[in-house]
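Chemist: The structure is given below, and queries will be raised subsequently.
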Amino acid sequence: MSILNLAIENPWWKNAVIYEVYADKFAKNFKGFADKLGYLKDLGINCIWILPHYPSPMVDDGYDVSDYMSVRSELGTLGDFRRFASKAHKMGIKVIVDFVLNHVSISHPWFRERPEFFIRSKTAKEFKQATNPFSHMKSSNWIWDPETKDYYFASFYPQQADLNWDNPEVFKATIEVVDFWIGQGVDGFRLDAAPFLIKREGTGCVNLPETHAIIKKIRTHVESRNPQVILLAESNGTHEEIRSYLNGQECHMAFNFHLMAKIYFAIMTENPSVAKEAAKVLNDPPPDCQWAIFLRNHDDLTLSHLPVEERDELLARLDPKAKYLFEGGYGTSMRLATILKGNKNKILEAFRLLLSLSGAPVIYYGDEIGMENLELAEKPADSRKYVRGEFNWKEAEKQIKDPGSLLNELRTIIKNRKS
């Protein structure tokens with residue numbers, strides 16, 4: 001049997017332990033990141049998910065991309081990225097990058113040079129039922145463009161214009177980006193806001209059949225280039241809507257938001273069986289697919305999919321003073337250690353529960369050393385800023401030297417899980 005066939009039959013992502021991280025907030029730049037890989041290797045990480053590293057005005061911490069085929073200048077050069085990825089591979093660590101499919105920054109050259117790449121209107125009356133996740137920042141998804149004297153559609157920040165995926169040229173341009181980053185050594189793409197690609201009248205403009213058709217085309221192309229490169233879906237909605245991206249023809253993995261909520265019920269009620277029982281129903285990927293399971297990430301801890309009573313109960317347990325609520329949605333922006341008030345034993349219990357479940361566990365940077373929410377003078381319009389602080393290397397170095405630290409005990413839990 002060839003090495004390639006063996007790899008396909010035993011895909012690396014089935015045994016992934018993923019670390020989600022901003023390159024700049026962790027190590028300043030990709031040169032520094034390469035030097036810090038030993039820390040992640042020692043932790044037991046074998047896959048890094050890099051949050052947006054592209055050139056950007058940084059309105060949305062990099063999710064407003066202005067150039068898909070480069071690296072933000074403060075992070076270094078493309079050569080620095082390639083050397084980082086190469087060193088990671090030599091250490092047995094895969095590299096996934098965020099791929100923002102739904103929108104680009106209005107600073108992207110496409111916005112002025114390729115108007116047909118975007119959804120525009122003279123009346124702003126279309127798609128009245130479309131989801132508006134940032135309703136506290138904008139009253140409508142239609143944004144007035146004074147230069148062209150019409151409106152463009154933006155699901156998220158006003159500065160993030162949605163791409164027109166009904167235009168086949170958008171797909172062609174996107175595939176060029178995919179090919180480019182595969183050439184730079186990338187092992188996978190996390191598909192940001194995957195459900196939003198296609199808009200249709202009379203719908204919420206999410207999780208539509210035409211969106212699934214696009215992702216199938218991307219998967220087919222990726223497999224033709226390198227069958228070891230994976231797609232990881234960020235999709236919300238009902239459990240079945242999220243699971244629909246796991247069908248052997250679209251994404252290899254998807255984030256299990258519903259199981260995450262049950263894990264928090266288990267943590268806050270000190271009843272692990274809640275999560276374990278839920279996992280029997282919710283952690284059921286189809287063949288040749290897998291769930292990505294997690295406690296926290298860079299976004300608010302979204303609970304929009306829960307029934308109202310369950311959501312309100314859990315939010316009251318997580319954030320009783322409503323200090324970190326994400327106003328545009330139904331969640332709260334809190335790091336794990338903030339939720340658990342810095343209690344090392346409770347944090348470890350949360351990780352033990354997560355790592356006892358099947359799936360690919362995702363660890364958000366800093367949670368392994370008990371980093372808490374940033375202290376900000378004023379509440380930001382976007383409460384997710386609370387969980388996106390600089391990595392505390394002083395604390396990490398202190399914990400490395402302490403055998404009984406949160407960091408070292410988590411290392412042991414990850415090691416035991418792998419064995």
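The values are calculated or read from the model by the stated rules, or taken from the named source; none is laboratory data. Worth saying up front: this structure is predicted, and the values here are computed from it rather than measured. Here the Cβ is made from the backbone with ideal geometry for all residues, glycine too, and neighbour counts use every protein chain on show.
Chemist: Do we have E116 as among the charged types (D, E, K, R), assigned to a helix (DSSP H, G or I) and without any contact (Cβ under 8 Å) to a residue 60 or more places away in the chain here?
Modeler: yes
Chemist: When only residues in region 255-283 that are outside any helix (DSSP H, G or I) and either over 25 Å from A194 (Cα atoms) or at pLDDT below 95 (or both) count, which is nearest to the chain's Cα centre (by Cα)?
Modeler: N283
Chemist: Would you kindly identify the strands (runs of 3 or more DSSP E) lying entirely within region 24-109 that contain at least 1 residues that are of a type in the set (F, W, Y) and under 16 Å from the mean Cα position of the chain (by Cα)?
Modeler: 47-50, 94-100
Chemist: When you look at N167, is it among the polar types (S, T, N, Q), farther than 25 Å from V17 by Cα and modelled with pLDDT of 95 or more, yes or no?
Modeler: yes
Chemist: Just need a number here: residues in region 55-99 that are under 17 Å from V178 (Cα atoms), buried (at least 19 other Cβ atoms within 10 Å of the Cβ) and touching a residue at least 24 places away in the same chain (Cβ under 8 Å).
Modeler: The total comes to 13.
Chemist: Would you point out the residue of region 161-210, among those that are more than 15 Å from R225 (Cβ to Cβ) and among the β-branched types (V, I, T), that is surrounded by the fewest Cβ atoms within 10 Å (Cβ to Cβ)?
Modeler: Checking each candidate, the answer is T203.
Chemist: Of all the residues that make up region 148-160, how many are in contact (Cβ under 8 Å) with a residue 12 or more places away in the chain and of a type in the set (D, E, K, R)?
Modeler: Matching residues across region 148-160 total 1.
Chemist: Separate question: Would it be correct to say that K94 is farther than 16 Å from P158 by Cα and either touching a strand residue (DSSP E or B) at 6+ places or on another chain (Cβ under 8 Å) or modelled with pLDDT under 95 (or both)?
Modeler: Answer is yes for this residue.
Chemist: Being touching a strand residue (DSSP E or B) at 6+ places or on another chain (Cβ under 9 Å) and assigned to a helix (DSSP H, G or I) is the filter here, so list the residues in region 335-382 that pass it.
Modeler: L336, I339, F351, L354, L355, E368
Chemist: Oh, and also: Among the residues of region 237-256, what is the count of those that are surrounded by fewer than 23 Cβ atoms within 10 Å (Cβ to Cβ) and more than 19 Å from I218 (Cβ to Cβ)?
Modeler: Residues in region 237-256 being surrounded by fewer than 23 Cβ atoms within 10 Å (Cβ to Cβ) and more than 19 Å from I218 (Cβ to Cβ): 4 in total.
Chemist: Hey, among L353, L295, which residue is over 23 Å from F391 (Cβ atoms) and within 22 Å of the chain's Cα centre (by Cα)?
Modeler: L353
Chemist: With the requirement that a residue be buried (at least 17 other Cβ atoms within 10 Å of the Cβ) and more than 19 Å from S304 (Cα to Cα), what does region 268-278 give you?
Modeler: Of everything in region 268-278, just one residue is buried (at least 17 other Cβ atoms within 10 Å of the Cβ) and more than 19 Å from S304 (Cα to Cα), namely V274.
Chemist: Which one of the conditions (1) surrounded by fewer than 20 Cβ atoms within 10 Å (Cβ to Cβ); (2) assigned to a loop (DSSP other than H, G, I, E, B); (3) touching a residue at least 60 places away in the same chain (Cβ under 8 Å) does F134 fail to meet, given that it meets all the rest?
Modeler: (1)
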